[in-house]
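The structure appears below as structure tokens.
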């Protein structure tokens, strides 16, 4: 069998070799490459750029086997190139040299850029020339065509786009034949090509795929004020290899403001949803009914913890619903338990209840206060009444300086005994307010871009309303027209979010996007968090990333966090003077306004999926300078204090990371929304007051279709209490 496998592999290798260029006559060993020198010349381009070689140039020489890089030893119209190749009867050559020299079927892969930049009068970077020889003299001729345009300086043009009206390909990925007079095969065609610069002035040449434009072409110029002017030629146009087609001189252009792209592109990396809610009982326990547990893998995707319970824990039919947690005592004298950590208030009294079915008197459950270690046990041997579901409940008061605790159920001894628990609930004593639960999720239309600057990639994307159906969009690490920007801002609008949000303007200076804040020398990026409007101004909160763990995309450090402000609708931004600590708890922050108070939900830098992580609250009256951290009060779980570093964990059993806070007036509830790595999607908690008790985590939306949702932005709360959310789809 081993020998047959080797024969099969050899046969497949021979078949593949025979299908490729440069086959070696049945697999005979080829000779080694030797030193060679070729004399080369470039065919002149009538009416085009100077066709000359320059110092540092290189060409690719194809022998009977592969492509080889040869370096120039001269310059000008004629030069020599030296390198190594296998001695062959003939050679093909490509100028400039290729990064990928693989060829198949007599063609090589190349790209004629859709977005081009070059100096006036220069040979465009996308121009490609080929040559053939049976000796050592190479005469190169261009297989790409050229567009020529004259741009007067007084037109203030920063970019022009030429597109074929009939959508014939003129740029993009191509497979170019080495043979003479063979057509170019497109692998990633584009019917347009763009030339851009900070300022275009003079005669420019643009490399294009030779083509017959059956319905003519359209030329659109953009000036430094983002105005547009278009010229359309509707007659057939032929662009020949190595020839120049003159677009003429751009004079007397008719500029127009706010021209809308008739074919808007979709903006990647944003998932839009509408969440609806129903009234529910308040419960500080996450998944008190165990309905989110996977019977086949109960140790993952849950806020419950089961220390040392492997082989002991199982999921069975519940008191209500379909599931409950069962512990079986496998070894006499060994303690087994399940726990869940919750946040508590010092001095507050809570009511605890659970339904339990047990076959042993040696089963205990209740709440452990972390600092006092006092167990508020509510059943044990003295309360044992035999098998069957029974309600156990008790009240307990949190001791001094106790601010969180563990609900637990445990059993020991009595081999073969079991205990089942369901419908666990902890609420403040005499709590009367209703909570909410997820009732519906609907996917909204994806955000689109009606500008002519296509957004092809983005990381974290923050969106918030600024009134009048307009929105500010703040991007992190965004790619536009092939250029990557650390951060950028766009202005969007929507008649209704259900009909889709459309970008109408990317904030630019000339052809370049303008950041809302430049990163400092020791920083790697500036990342948007959340935004809001107040007194006619727009405020955007950010943090500056100072280091990234290369092995963990969820681990990074920050140098600072703060606000930038805009007084002109988001077109220009100014940094506010006050900043929060980069190593503090208010790096990744979100905001909401209620009754003249600005509330902040904060997190430290990075993300962490854990059963014991921190979220923090702060507040400030809007008549104060809320851009100054010293004006804020910070909640330490007992009282509000003026020192940022004095705060302690607020919400536990969650995930640290990008978040959103919002007040829902329909349900009279504050809500915090964030990604839970434990649950694999977006979750929320709700509370009557910021400094009160918060519900356990409730699943809002599991990650759809294999993507991961992060950094939710709340766009709108409707009169019905529905919430429109934009979440970033991050890598």
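The values are calculated or read from the model by the stated rules, or taken from the named source; none is laboratory data. Model, not experiment: these values are computed from the prediction. All Cβ positions, even for glycine, are placed from backbone atoms using ideal geometry, and neighbour counts span all protein chains on display.
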Query raised in the report: Of these, 712, 704, which one is touching a residue at least 24 places away in the same chain (Cβ under 8 Å), in a loop (DSSP other than H, G, I, E, B) and under 17 Å from the mean Cα position of the chain (by Cα)?
Result: 704
Report task. Just give me the residues in region 502-530 being part of a loop (DSSP other than H, G, I, E, B) and either within 18 Å of the chain's Cα centre (by Cα) or over 25 Å from residue 446 (Cα atoms) (or both), in sequence order. Result -> 510, 511, 515, 517, 518, 519, 520, 521, 522, 523, 524
Query raised in the report: Out of curiosity, is residue 179 outside any strand (DSSP E or B), in contact (Cβ under 8 Å) with a residue 40 or more places away in the chain, out of contact with any strand residue (DSSP E or B) (no Cβ under 8 Å at 6 or more places or on another chain) and not assigned by TED's automatic domain parsing to the domain that holds residue 509?
Result: yes
Query raised in the report: Of all residues in region 582-608, which are surrounded by 15 or more Cβ atoms within 10 Å (Cβ to Cβ), within 25 Å of the chain's Cα centre (by Cα) and more than 16 Å from residue 673 (Cβ to Cβ)?
Result: 582, 584, 585, 586, 587, 604, 605, 606, 608
Requested in this report: Confirm whether residue 333 is part of a loop (DSSP other than H, G, I, E, B) and modelled with pLDDT of 80 or more.
Outcome: no
Query raised in the report: Can we say residue 542 is under 20 Å from the mean Cα position of the chain (by Cα), assigned to a strand (DSSP E or B) and either under 16 Å from residue 460 (Cβ atoms) or in contact (Cβ under 8 Å) with a residue 40 or more places away in the chain (or both)?
Result: yes
Report summary line: Checked 168, 161, 185 against criteria (surrounded by 19 or more Cβ atoms within 10 Å (Cβ to Cβ), touching a residue at least 40 places away in the same chain (Cβ under 8 Å) and within 26 Å of residue 104 (Cβ to Cβ)); the one match is 168
Query raised in the report: Can you tell me which of 433, 415, 488 is more than 28 Å from residue 365 (Cβ to Cβ) and out of contact with any helix residue (DSSP H, G or I) (no Cβ under 9 Å at 6 or more places or on another chain)?
Result: 488
**Report entry** Unique residue being part of a loop (DSSP other than H, G, I, E, B), exposed (fewer than 15 other Cβ atoms within 10 Å of the Cβ) and not assigned by TED's automatic domain parsing to the domain that holds residue 367 when the list is 290, 282, 299
**Finding:** 299
Query - For residue 667: the one exception among (1) assigned to a loop (DSSP other than H, G, I, E, B); (2) at pLDDT below 95; (3) closer than 30 Å to residue 350 by Cβ - result: (2)
**Report entry** Qualifying strands (runs of 3 or more DSSP E) (wholly inside region 337-390; at least 3 residues being within 24 Å of residue 691 (Cα to Cα) and modelled with pLDDT of 85 or more)
**Finding:** 349-358
Report task. Taking only region 53-71 into account, find how many residues are surrounded by fewer than 18 Cβ atoms within 10 Å (Cβ to Cβ) and at pLDDT below 95. Result -> 4
Requested in this report: Need at least 1 residues that are more than 34 Å from the chain's Cα centre (by Cα) per element, so show me which strands (runs of 3 or more DSSP E) inside region 186-234 make the cut, counting only ones lying wholly within it.
Outcome: 202-208, 211-213, 217-223, 228-233
**Report entry** Which numbered condition residue 559 misses (of (1) part of a strand (DSSP E or B); (2) closer than 30 Å to residue 468 by Cβ)
**Finding:** (2)
Query raised in the report: Would you say residue 577 is at pLDDT below 95 and in a strand (DSSP E or B)?
Result: yes
Report task. Could you figure out which of (1) out of contact with any helix residue (DSSP H, G or I) (no Cβ under 8 Å at 6 or more places or on another chain); (2) surrounded by fewer than 16 Cβ atoms within 10 Å (Cβ to Cβ); (3) outside any strand (DSSP E or B) isn't true of residue 248? Result -> (3)
Report summary line: Selection over region 686-708 where residues are within 18 Å of residue 603 (Cβ to Cβ) and modelled with pLDDT under 95 yields a count of 5
